[in-house]
1. Could you give the size of the charge dipole of the chain about its Cα centre, using +1 on the Cβ of each K and R and -1 on the Cβ of each D and E, expressed in debye and rounded to the nearest 20?
2. How many percent of the alpha carbon pairs in region 109-207 exceed a separation of 21 Å?
3. So which trypsin sites (Lys or Arg not before Pro) in region 70-155 end up in coil per DSSP with only 11 or fewer other C-beta atoms within 10 Å?
4. Give the aspartates and glutamates reachable from residue 191 as a straight Cα distance under 13 Å; neighbours fewer than 8 places away on the same chain don't count.
5. What's log10 of I(q)/I(0) for region 32-162 at q = 0.12, 0.13 Å⁻¹, Debye sum over Cα points only, no solvent?
6. Could you calculate the FRET efficiency of residue 118 with residue 141 from 1/(1 + (r/R0)^6), where r is the beta carbon distance between them and R0 is 35 Å, rounded to 0.05?
7. Once you put a point 7 Å from the Cα of residue 175 and another 7 Å from the Cα of residue 163, both along the Cβ direction, what distance in nm separates them?
8. Can you give the angle from 0 to 90° between the axis of helix 2-17 and the longest principal axis of the chain, with both taken from C-alpha atoms, to the nearest 10?
Amino acid sequence: MQKKKIMLFIALLSSFSIHLKAQYDKTDSTYKRWFVGSTLFVVGNLDKVNPPGFAQLNLGYRITGKDVISLELITWKHAWPLGINPFYNKAYGTPEEKFPGYIREYGIGLAYQRYVWKGLYLAAHATPMWQTFRNENGDKVGNGFIIFNTYRVGYHVKLFKDKFFIEPSLGIAGRAFYTKMPDGFKEKDDKWPKWTPEPGLHIGFNF
């Protein structure tokens with residue numbers, strides 16, 4: 001039920017946003033170049049099946065009215081393979097597909113965003129992430145490393161005289177590179193794709 005509410009919220013914001021002017025004029029030198037933000041994924045911490053302990057902080061800079069870069073600090077944990085999409089796959093949350101423990105990941109990512117028409121943008125995110133594998137007792141059983149990439153198409157919506165913004169988006173996310181997982185984890189992960197569709201809703205404050 002929680003996931004359906006999130007998807008409905010994103011869909012409503014997307015349909016509303018197409019009527020709003022959002023792109024920053026590349027000749028305008030008065031707009032705020034810096035911003036901080038996060039993502040709606042933090043509400044996933046309310047998930048009772050697989051609470052991710054998720055946190056994200058973005059620091060961004062508008063190079064021009066159309067080009068944006070940002071640094072992203074991210075952490076989460078998961079007890080099921082990332083290839084099991086919780087929005088449409090019934091295998092998510094089942095005991096048969098659960099890892100023999102969980103994986104905690106920490107990452108520092110870089111994102112590039114390009115406006116292509118008004119507020120419509122394309123974005124690419126690349127995030128190296130360090131992994132800690134823990135068993136059911138919470139004991140460490142291994143380390144790992146991945147490069148987690150996301151490619152998005154979204155819309156930027158200015159709010160409250162451009163003090164805040166929201167960015168509903170759709171994308172595809174996955175592991176461009178990953179090291180071998182410990183036994184037990186690898187067997188579960190190998191059954192599922194390394195890339196999956198991912199909705200998003202970034203929020204931010206301009207300064």
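FYI, it's all coordinate maths here, none of it is from the lab. As the structure is a computational prediction, the values presented were derived from the model and not from experiment. Cβ coordinates were reconstructed from backbone atoms using ideal geometry, including for glycine residues, and neighbour counts include every protein chain displayed.
1. Numbers: 28 positive and 17 negative charges, 112 e Å.
Dipole about the Cα centre, nearest 20: 540 debye.
2. Percentage above 21 Å: 48.
3. Of the trypsin sites (Lys or Arg not before Pro), the ones in loops of region 70-155 whose Cβ has at most 11 other Cβ atoms within 10 Å are 90.
4. Residue 191 reaches 96, 97.
5. Debye intensities relative to I(0), on a log10 scale: -0.57, -0.66.
6. Values: r = 50 Å, r/R0 = 1.42.
Efficiency for this residue pair is about 0.10.
7. 4.3
8. 20
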